[in-house]
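What follows is a single structure, written as C-alpha cells, with notes after it.
Computed from the coordinates by the stated procedures, all read-outs in this text should not be read as laboratory data. For clarity, every value in this text was computed on a predicted model and none was experimentally measured. With ideal geometry, Cβ positions are generated from the backbone for all residues, glycine too; neighbour counts draw on all protein chains shown.
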Amino acid sequence: MLTSMTIQEFLSELANGSATPGGGSAAGLAGAQGAALLSMVCNLTIGRKKYAGVEKEMRAALEQAEALQQRLLALIEEDVRAFDAVMAAYKLPKETPEQKAARSAAIQAGLKEATRTPMETLQACVAVLELAPAVVAHGNPNVISDGGAGVLAAHAGMMTAALNVRINLNAIKDDVFVVDQSARMDELIARGDAAKESAWAIVAERLGM
C-alpha cells in the first residue's frame, strides 16, 4: 500500500514511468498534510489554561481534522485503483465492432469513476480549508505558521484534485455528467478559495506579512 511506504518510497513511485500513482494520489497526500497540520494546532491549544475558552471548539475541530486526514489517506489508494481500471479498459480488445463497443463503454465507465475519486479528494480538501479559519484564529499563536502551512497544503490538494477531475471530464462523452460534475467542481473550488483567503488573512496579519 502506498500509505505504508516511506516518504522516499512514495516519491520514487510518483517519479517512475507508470501512470499511477500520480497527481490524484499527490492531491490526497497534500490534503492529508493540511489536515494533520491543523490537528497539530489544535493539539497544541487543547489542555492549556490560556486557551480554556476555546477548548470545546478546538476539540471539535481536531475530531474533524483527524477524520478528514484518514479519508484523504484512503483516497490516495482509491485514486490508483480508479485510474488502473481506466488503463485496463484501454487494453481491452478492439478487433470487432462488438469488442470496440464494449471497450468504449468500459473506458467511459472507468473515466466516470476516475472523476468521482478526485472529486471526493477535492471535497475533503475543501472541508479541511473550511476548518482552517477558526483553527488559525483561535489556536495557539505560537504555531500560526504551521496552521498557515496547513492551509496552503490543503489548497494545493484541492487544486491538484481539480486538475484530475478536469482532465477526466474532458474525455467523457456524457454531456449531462460533464455539466453536472463541472458545476460541482466550480462550486467546491469557490468555497475552498473563500475559506483559504479567510484563513490566510488571519495568518498574514498575525505574522506581519
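List of remarks:
- Computed label-point distance, nm, for sites A52 and A190 using a 7 Å Cα→Cβ extension: 4.4
- Between 0 and 90°, nearest 10: helix 55-90 axis offset from the chain longest Cα axis: 20
- Couplings for the stretch 122-132, taken from phi via the Karplus curve 6.51 cos²θ - 1.76 cosθ + 1.60 with θ = phi - 60°, read 4, 4, 5, 5, 4, 4, 4, 4, 6, 7, 4 Hz in order; Gly and Pro are left as x.
- Rounded to whole Hz, the Karplus (6.51, -1.76, 1.60) HN-Hα couplings of the stretch 17-34, x for glycine and proline: x, 9, 6, 10, x, x, x, x, 5, 4, 4, x, 5, 4, x, 5, 5, x
- Looking at the stretch 111-209, the trypsin sites (Lys or Arg not before Pro) that sit in a DSSP loop and have at most 13 other Cβ atoms within 10 Å of their own Cβ are K173.
- When the square roots of the Cα gyration tensor eigenvalues are ordered a ≥ b ≥ c, the ratio a/c for the stretch 1-71 is 1.5 or more and a/b exceeds b/c, which makes its shape prolate.
- What separates the Cα centres of the stretch 30-64 and the stretch 138-209 is a distance of 20 Å.
- For q = 0.12, 0.15, 0.20 Å⁻¹, Debye-computed log10 I/I(0) when each Cα of the stretch 61-177 counts as one equal scatterer: -0.54, -0.72, -1.02
- In a simple Cβ point-charge model (Lys, Arg +1; Asp, Glu -1; nothing else charged), the stretch 1-159 has a dipole of about 200 debye relative to its Cα centre.
- Descending by average beta-carbon neighbour count within 10 Å, the peptides 117-130, 92-105 line up as 117-130, 92-105, the highest first.
- Gyration tensor (alpha-carbon) shape descriptor, the stretch 38-108, a/c threshold 1.5: prolate
- Degrees, to the nearest 10: 144-169 long Cα axis against longest axis of the chain: 20
- Residues whose amide H comes within less than 5 Å of that of N140, counting only those at least five positions distant or on another chain, are T45 (H built at 1.01 Å from N in the peptide plane).
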